[in-house]
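Encoded as structure tokens, the structure appears first; notes follow it.
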Amino acid sequence: MKNTVSRGLAVLGMLWMFASAFQASASELESVYTVQAPQGHWVVRALTSAANCPRITWDQQKPMVMQLRAAQANLPVRSDAAQADSKTSVFDVTSCEATWPAQAQSAQIEGRAVPAPPKQIQRILIVADTGCRMKASENSFQECNDADKWPFAQIAQSAAKLKPDLVVHIGDVHYRESPCPQGNLGCANASWGYGWDAWRDDFFKPAAPLLASAPWLFVRGNHEACFRAGQGWFRFLDALPLTSERNCNDPVNDLKGDFSEPFTAAISERAQFIVFDSSKSSGKAYNVNDPAFSKYQAQLQAAAKLAANKPESFFINHHPLLAAAPSKDPNKFKTGGSAGLQSVFQTVEPNRLFPQGVTLAMHGHVHLFEAISFQTNHPVSLVMGNSGSLNEGHAPNVIAPTDRLYKDAVVDNYASRSDYGFATLDRIVEAGQESWQLTEYTPQGQPVIHCRILNGKSRCH
């Protein structure tokens, strides 16, 4: 009897220890979210302060331990770090992941619900250039402590209320590269560098309500290039498996780390995204002997083949090719397309730059909103880089037919906004025809611009 009681107490003790471990693991979760990956796959990610990965439960079945993506690490400063004051990157969170099974309807990580992949996409929510700019090399320090001067948290809250089916981030997630200068109250005590604390405060903390509301599709920006915040990009946001050559730890591997292969993500039976990594593109035209020229050319040729998979493709990359640049005077016009990408794209598609079948191009990088439609055979160009990072000037009020964004590209409809905001794309099906309603919002969620997009043309009011 005594031995039976002892064994019973031992079992109870083990159950208590198991329960304690369960609670500790749940409390150590920093973030859980769902990422759209190539070929129709979805990946669940969990970031935890624990050394081990948490457990995931599919459809309330038996829990299983998630796979390790990246262990905690202190990574030394790269020899080519973008800022002279860069420091060791402390990643004191473990990155874990699990592929969403095709038949699964729901998932929980240690009791926390995870956004499920949409059965059908009706509303896409779009942000870009969200972080708080802190950059010593340009003496540029945004007031991260002021919600009006850095409104990304407000944008995430307002956007979550719109209940999107998918959230798309078109790059430049991380901006906190340098320490706030002493005496600057606007960014005093702000985290900085390329480690977890800066990633947490720049993105994961303010984006929390939006991360919990829907799955995300992440597009890489120049701030996530290897010599900047690339290590965090691969640990946290990149949709592909992490490898020793694609992690940005060693500059020797940057020709692989900085040039991810393009992939598609289905939007509807008719339409798809083509996701293109332009993170390392230059603002100047490339020499044909530059390795980057060859890389981008081959990847654009691959993207052109992917465009044949659906009747309509939305080309999504960070740097615009057809855009107007901000200026101090909104009555003045200057082009804002990436000369580096233009020099490559024109070798594959000399007239329209983008592959045939691309009816819409979506970008960030330029910190304003623009919706541009053309008389000529060019796709609608959307620029939506106004979701939090420091504004850089005014979009032109008008683009005249005599103005040229690129060679023979003649604008026939144009709308712009220079203030902070975010956008949605709503799918509309009428009489069997699919079109899209683009809406630009203020950070508080007030709609201010409406555009109808159909057959490669947009009309805004």
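The values are calculated or read from the model by the stated rules, or taken from the named source; none is laboratory data. Since the model is a prediction, treat every value here as computed from it, not as a measurement. Methodologically, a virtual Cβ is constructed for each residue, glycine included, from the backbone with ideal geometry; neighbour enumeration extends over all protein chains shown.
Hey, any hits in region 420-427 for a residue that's in a loop (DSSP other than H, G, I, E, B) and in contact (Cβ under 8 Å) with a residue 12 or more places away in the chain? Within region 420-427 (the criterion being in a loop (DSSP other than H, G, I, E, B) and in contact (Cβ under 8 Å) with a residue 12 or more places away in the chain), the answer is yes, since at least one residue qualifies.
If I go through region 390-417 residue by residue, how many of them are touching a His at 6+ places or on another chain (Cβ under 6 Å) and under 29 Å from residue 346 (Cβ atoms)?
2
Condition check ((1) farther than 17 Å from residue 247 by Cα; (2) within 23 Å of the chain's Cα centre (by Cα); (3) buried (at least 19 other Cβ atoms within 10 Å of the Cβ); (4) of a type in the set (Phe, Trp, Tyr)) across all residues:
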{"site": "70", "(1), (2), (3), (4)": "no, yes, yes, no"}
{"site": "73", "(1), (2), (3), (4)": "no, no, no, no"}
{"site": "89", "(1), (2), (3), (4)": "no, yes, yes, no"}
{"site": "95", "(1), (2), (3), (4)": "no, yes, yes, no"}
{"site": "100", "(1), (2), (3), (4)": "yes, yes, yes, yes"}
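Of all residues in region 239-250, those being within 22 Å of residue 175 (Cβ to Cβ) and surrounded by fewer than 22 Cβ atoms within 10 Å (Cβ to Cβ) number 3.
Mind checking whether some residue in region 272-295 is over 21 Å from residue 344 (Cα atoms) and among the aliphatic types (A, V, I, L, M)?
No.
Do we find that residue 218 is closer than 23 Å to residue 175 by Cα, modelled with pLDDT of 95 or more, touching a His at 6+ places or on another chain (Cβ under 7 Å) and among the aromatic types (Phe, Trp, Tyr) in this structure?
Details: closer than 23 Å to residue 175 by Cα: yes; modelled with pLDDT of 95 or more: yes; touching a His at 6+ places or on another chain (Cβ under 7 Å): yes; among the aromatic types (Phe, Trp, Tyr): yes.
Here the answer is yes, as residue 218 does meet what is asked.
Residues in region 348-371 that are outside any loop (DSSP other than H, G, I, E, B) and either at pLDDT 95 or above or within 26 Å of residue 434 (Cβ to Cβ) (or both): 358, 359, 360, 361, 362, 363, 369, 370, 371. Suppose the filter is touching a residue at least 60 places away in the same chain (Cβ under 8 Å), out of contact with any Lys or Arg (no Cβ under 8 Å at 6 or more places or on another chain), not hydroxyl-bearing (Ser, Thr, Tyr) and not in a strand (DSSP E or B); does residue 240 pass it? No: the conditions fail for residue 240. For residue 330, the conditions (1) in contact (Cβ under 8 Å) with a residue 60 or more places away in the chain; (2) touching a strand residue (DSSP E or B) at 6+ places or on another chain (Cβ under 9 Å); (3) farther than 21 Å from residue 405 by Cβ; (4) assigned to a loop (DSSP other than H, G, I, E, B) are fulfilled apart from (3). Within region 40-86, the set of residues being closer than 26 Å to residue 208 by Cβ, assigned to a loop (DSSP other than H, G, I, E, B) and not small (Gly, Ala, Ser) comprises 41, 52, 53, 54, 59, 60, 63, 66, 72.
Residues in region 102-124 that are under 19 Å from residue 270 (Cβ atoms) and more than 19 Å from the chain's Cα centre (by Cα) were compared, and the one that is surrounded by the fewest Cβ atoms within 10 Å (Cβ to Cβ) is 119.
Scanning region 243-269 for residues that are closer than 22 Å to residue 316 by Cα, assigned to a loop (DSSP other than H, G, I, E, B) and in contact with a strand residue (DSSP E or B) (Cβ under 9 Å, 6 or more places away or on another chain) gives 260, 262, 267, 268, 269.
Does residue 333 satisfy the condition of being at pLDDT below 95, of a type outside the set (A, V, I, L, M) and buried (at least 20 other Cβ atoms within 10 Å of the Cβ)?
yes
Of the residues making up region 399-419, those that are of a type outside the set (Val, Ile, Thr), surrounded by 17 or more Cβ atoms within 10 Å (Cβ to Cβ) and part of a loop (DSSP other than H, G, I, E, B) are 405, 406, 409, 418.
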